[in-house]
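The values are calculated or read from the model by the stated rules, or taken from the named source; none is laboratory data. Just so it is clear, the structure is predicted and the values come from calculations on it, not from any experiment. These accessible areas exclude ligands, DNA and RNA; they are computed on the full protein's heavy atoms, side chains included. Shrake-Rupley method; radii C 1.70, N 1.55, O 1.52, S 1.80 Å.
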Amino acid sequence: MTIDWNNFTPWASLAGGVMIGLASALFLLFNGKIAGISGIVGGLLRPVRGDVVWRIAFVAGIVVSPLLFGAARSLPHVDIEASYPLLIIAGLLVGLGTRYGSGCTSGHGVSGLSRRSLRSVVATVAFMFAGFVTVFIARHVLS
């Protein structure tokens with residue numbers, strides 16, 4: 001295994017992780033809510049009166065932020081080597097998995113682990129194990 005030194009960005013990655021953790025903590029502190037995207041979007045699919053505006057604002061922030069960044073700086077080129085049908089199937093499988101897992105990596109991995117939730121520890125270990133197995137199979141079995 002070799003390191004792609006041109007794209008090795010430990011300080012930028014650390015800063016991004018700190019910002020995500022800080023945002024998650026502030027969201028919990030000021031709103032009393034977990035910053036898990038699957039739960040936030042799921043709440044929009046079955047809206048409760050008085051609980052929709054902050055969810056729309058959260059999702060809008062996720063969508064608008066890269067657009068604002070792109071207006072200030074050039075966005076990196078992203079080359080996805082998969083067809084649209086495969087991406088749609090993958091997205092649906094991720095959505096199904098977050099329903100079975102009672103949350104996603106942002107809810108369990110960021111917010112849940114910081115609260116020392118045993119359920120989140122188990123879920124995050126399962127997410128990571130599944131990711132390792134998937135990469136192993138894709139690289140060493142299928143290729």
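Adding -39500 (n - 2.57) for every DSSP H run of four residues or longer, then dividing by how many residues the chain holds, sets the calculated 222 nm ellipticity at -20500 deg cm²/dmol. Taking a ≥ b ≥ c as the square roots of the eigenvalues of the alpha-carbon gyration tensor, the chain is classed rounded because a/c is under 1.5.
Full extension of the segment from Arg49 to Ala72, taken as 0.36 nm per residue of separation minus the current Cα-Cα distance, would add 4.6 nm.
Exposure check, 1.4 Å probe, all protein chains in place: Ile3 carries approximately 90 Å² of accessible surface. Full extension of the segment from Ser102 to Trp5, taken as 0.36 nm per residue of separation minus the current Cα-Cα distance, would add 31.2 nm. Enter the Cα centre distance for the pair segment 84-136 and segment 10-29, rounded to the nearest angstrom. Cα centroid of segment 84-136 versus Cα centroid of segment 10-29: 19 Å apart.
Carbon-plus-sulfur accessible fraction, the chain (probe radius 1.4 Å, protein heavy atoms only): 71%.
Computed with the Debye formula from one identical point scatterer per Cα of segment 48-94, without solvent, the log10 of I(q)/I(0) at q = 0.17, 0.28, 0.32 Å⁻¹ comes to -0.82, -0.92, -0.98. Note on the chain: GNM, Cα springs under 10 Å; of Ser74, Ser106, Ser38, the largest mean-square fluctuation is that of Ser74.
Taken over segment 69-134, the percentage of Cα pairs per 10 Å bin, counting from 0 up to the bin with the maximum distance, is 19, 34, 30, 18, 0.
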